[in-house]
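Please read the structure below before turning to the comments.
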C-alpha cells in the first residue's frame, strides 16, 4: 500500500513539473535583463559593485554606487507587456526580502553610506529594441509601498 502511494505522489509531482525549455527561457530572460540593466546603469555613471549577491535565501540582483549613494537594484524583465509591466512584479513580500537582504549586506560589509532602492524594468520585444525603465528610489523600507 505504501509503495502505491509513493508512486501516485511521484506521478503527481512529475505532471506538475514545468517543461525544461520553459525554465531555461525564463532564466535566460532574466539574464538578458540583468545584462541590459547593468549596461544602462554603467552608461549613467553607476559603478556596479556586486551582482546576484546572496545571503542565505536572500538575494540582491545588483548593488551599485553613484556618488556617495549605495543603490540596491531590483531588475525585472518581461518579454512583451501582455502580462503587465515588469515593475509590478515587485510585491510587498518581495520588497521585504530586498530590505532584509540589504540590511544583511550593510552589516556584512560594515557600510554606513546613504542607501536607496531602485527598480530597473526591462521589456524585451521580438523585433523592436528593448525598453529600459529606471525607477529611482522606488521602494522605501519605512514608508508606504
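Read-outs: derived from the displayed coordinates by stated rules, not from any lab. Predicted model only: the values in this text are computed from it and were never measured. Glycine gets a Cβ as well: all are built from the backbone with ideal geometry, and neighbour counts include every protein chain shown.
The slack in the chain from residue 87 to residue 32, taken as 0.36 nm per residue of separation less the alpha-carbon distance, amounts to 18.2 nm. Length, then width, then depth: along the principal axes, the Cα atoms of the stretch 42-123 run 42, 30, 17 Å. When each of 27, 106 is scored by the number of other beta-carbon atoms lying within 10 Å, the sequence from fewest to most is 27, 106.
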